[in-house]
Amino acid sequence: MNEQIRAREVRLVGPQGEQVGIVSLDQALQLAADVDLDLVEVAPMARPPVCKLMDYGKYKYEAALKAREARRNQQQTVIKEMKLRLKIDTHDYETKKGHVLRFLKAGDKVKVTIMFRGREQSRPEMGKRLLERLASDVEEFGLVESMPRLDGRNMIMVMAPHRAKQTPAAAKAEAEAEAAEAPAAVE
């Protein structure tokens, strides 16, 4: 930028993108000073290097705005974990299934882990059946991203929400609406 450019000649591009041509560095710096703009090197590897007349501060500000906007539209992937045991009772299973449903509705991925102890380790097919049952119970809200697999003493399955159905913001708004209705129903 400006005096940091070391080439003797540069290919100059005007403020509106028009080609000025190949000029000496001193002449390019004088043109930049005349129109109160900066001389910015945009293609340093070209022969001769390409420089453009622009307001560098404004350029950096607009680039920062674009980056901030891109970050705002970016969606963070959150993985929630639900741990089960092989000998889970029916009510406990329903409670855990409700948690998994809530996570999927909120747009989060869910890692379901079954922990095996002692003799349970010799029956991984029972754990696989339990995970498949859970997957079929919540299939309208999420899909299995990673099939059940044995990892040491644990069996792991990852579920992801259906993306087309609901965005996390809409799911959060819906959950808040349901929570607001719940106390009114009690009265």
For this session: Would you point out which residue out of 119, 133, 68, 72 is open to solvent by 70 Å² or more (accessible area, probe 1.4 Å), basic (Lys, Arg), within 19 Å of residue 162 (Cα to Cα) and in a helix (DSSP H, G or I)?
Result: 133
For this session: May I ask you to list the residues in the range 1-20 that are among the polar types (S, T, N, Q), within 11 Å of residue 39 (Cβ to Cβ) and open to solvent by 70 Å² or more (accessible area, probe 1.4 Å)?
Result: 4
Problem set entry | Subset tally (residues that are part of a helix (DSSP H, G or I) and open to solvent by 70 Å² or more (accessible area, probe 1.4 Å)) for the range 75-104 | 5
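The values are calculated or read from the model by the stated rules, or taken from the named source; none is laboratory data. Values in this document were obtained by computation on a predicted structure and should not be read as measured data. Positions of Cβ are backbone-derived with ideal geometry, glycine not excepted, and every protein chain shown enters the neighbour counts. Just so you know, the surface numbers come from the protein's heavy atoms only, side chains and all, with ligands and any DNA or RNA stripped out. Shrake-Rupley method; radii C 1.70, N 1.55, O 1.52, S 1.80 Å.
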